[in-house]
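The numbers here are math on the coordinates, done by the rules we state, and not lab data. Remember, predicted model here, so these are calculated numbers, not experimental data. Neighbour counts run over all protein chains shown; Cβ positions are idealised from the backbone, glycine included.
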Amino acid sequence: MLEIKNLHVKIAAEDKPILKGINLVVPNGEVHAIMGPNGSGKSTLAYVLAGRSDYEVTEGDILWNNESILGMAPDVRAAKGVFLAFQYPMEIPGVAGLTFLRTAANAVRKKRGQAEYTTPEFMKVVRERAAKLNIDIEMLKRPVNVGFSGGEKKRSEILQMAMLEPTLCVLDETDSGLDIDALRIVSDGVNALRGPDRSMVVITHYQRLLDYIVPDKVHVLAHGVIRKTGDKELAKQLETTGYAEFEGKAA
């Protein structure tokens, strides 16, 4: 279970606060959507969960399965089960996708005390999971994300998530830049990973993603705090009304 307690965050090199007291609980097996206007702190929350170093937590705590992760490096958090899917996945020239996936998967498995994949084991698993995302194995022989379309990048990242087998999945605007066909494929890949031992935080501007990845709860983040919580109907309401009621400063 993810528990965020009174979380205050600023950019490390600046004094301006971004998150101003986030309280959030995401039980195992649930998907919670975070929505809100630009500049509300949604991506900051995602980065802080993953352990990005240029943000400073000034107050509060983040617990994953009753253990604080604030003092943990990103690789330790990954071994604990935390995964961040970026809004704009990075290109890694010179590193083939298959090499990247096997290195990452085996590093995490080793930290978890699991046996590392042999080459035949890895190829069997990656072929099976890539096929579910309409990823041709030839695509994985190319450098990571170099020359990929937006849909290919997002499918590649969901494949990374499938291979790393995280228990806390944080998806930062996964729908950004996807056409309807790519959105459906990526959403199917995400839904295939839903389960009783896995929590998901889905960050998005738009309700359309939530037609495919149906959340258990929807939270509106504005001015650094969660201003409203509801079920999936809240997302539909926001599609109609926008964020006008949240434009004023938080109380």
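Along the principal axes of its C-alpha atoms, what lengths does the range 54-113 span, in descending order and rounded to whole Å?
40, 30, 15
Quick one: which residues, 5+ away or cross-chain, put their amide H under 5 Å from the amide H of Tyr55? H built at 1.01 Å from N.
Ala12
If r is the Cβ-Cβ distance from Ala131 to Asp75 and R0 is 30 Å, what FRET efficiency results, to the nearest 0.05? Walk me through the intermediate numbers first.
Numbers: r = 29 Å, r/R0 = 0.96.
Working from the Cβ atoms, E equals 0.55.
Please turn the phi angles of the range 6-11 into ³J(HN,Hα) values with the Karplus equation 6.51 cos²θ - 1.76 cosθ + 1.60 (θ = phi - 60°), one per residue in order, whole Hz, x for glycine and proline.
After applying 6.51 cos²θ - 1.76 cosθ + 1.60, I find 6, 7, 10, 9, 9, 5 Hz.
Stokes-Einstein at 20 °C, 1.002 mPa s, Kirkwood radius from Cα pairs: D for the range 1-100 in µm² s⁻¹?
145 µm²/s
Pairing the Cα long axis of helix 180-192 with the longest principal axis of the chain, what angle in degrees results, from 0 to 90 and rounded to the nearest 10?
That helix lies at roughly 80 degrees to the long axis.
Given labels modelled 7 Å from the Cα in the Cβ direction, how far is it in nm from Thr229 to Leu193?
Spacing of the two 7 Å Cα→Cβ label points: 2.4 nm.
Please list 3J(HN,Hα) in residue order for the range 157-173, calculated via the Karplus relation 6.51 cos²θ - 1.76 cosθ + 1.60 where θ = phi - 60°; whole Hz, with x for glycine and proline.
6, 5, 5, 4, 4, 5, 6, 7, 6, x, 10, 10, 9, 10, 10, 8, 6
Charges on Cβ only, +1 for Lys and Arg, -1 for Asp and Glu, centred on the Cα centroid of the chain; of Ser40, Ala192, Leu164, which one is farthest towards the dipole's positive end?
Going by the charge dipole, the pick is Leu164.
Pairs to check: Lys10/Lys42; Lys16/Lys42; Lys42/Lys217; Lys124/Lys154; Lys154/Lys228. Give those whose C-alpha atoms are more than 19 Å from each other in this structure.
Lys124/Lys154; Lys154/Lys228
For the range 193-251, state the semi-axes of the equivalent ellipsoid (square roots of 5 times the eigenvalues of the alpha-carbon gyration tensor), sorted largest first and rounded to whole angstrom.
Numbers: eigenvalues 102, 39, 15 Å².
Semi-axis lengths for the range 193-251 are 23, 14, 9 Å.
Could you work out how far helix 232-241 tilts from the main Cα principal axis of the chain, as a 0 to 90 degree angle to the nearest 10?
60 degrees
Which peptide among 6-15, 226-235, 150-159 comes first, and what is the full order, when sorted by highest mean count of other Cβ atoms within 10 Å?
150-159, 226-235, 6-15
Once you place label points 7 Å from the Cα toward the Cβ at Ala115 and Ile180, how far apart are they in nm?
Using points 7 Å along Cα→Cβ, the separation is 4.7 nm.
Of Ala78, Gly151, Val214, which is farthest towards the positive pole of the chain's charge dipole, taken about the Cα centre with +1 and -1 on the beta-carbons of Lys, Arg and Asp, Glu respectively?
Value: Ala78.
Based on Cα coordinates alone, diagonalise the gyration tensor for the chain, multiply each eigenvalue by 5, take square roots, and list the semi-axes in whole Å, largest first.
After diagonalising the Cα gyration tensor, the semi-axes are 30, 21, 16 Å.
Say each of Ala12 and Asp61 gets a label point 7 Å from the Cα, pointing the same way as Cα to Cβ; how far apart are those two points in nm?
2.3 nm
Compute the FRET efficiency between Lys236 and Glu165 as 1/(1 + (r/R0)^6), taking r as their Cβ-Cβ distance and R0 = 35 Å, and round to the nearest 0.05.
0.60
Could you pull out every residue, at least 5 positions away or on a different chain, whose amide H is within less than 5 Å of the one on Lys228? Hs are placed 1.01 Å off N in the peptide plane, and Pro or chain starts have none.
The answer is Val220.
Counting only residues 5 or more places away or on other chains, whose amide H sits under 5 Å from the amide H of Ala85 once H atoms are built in the peptide plane?
Val170, Leu171, Asp172
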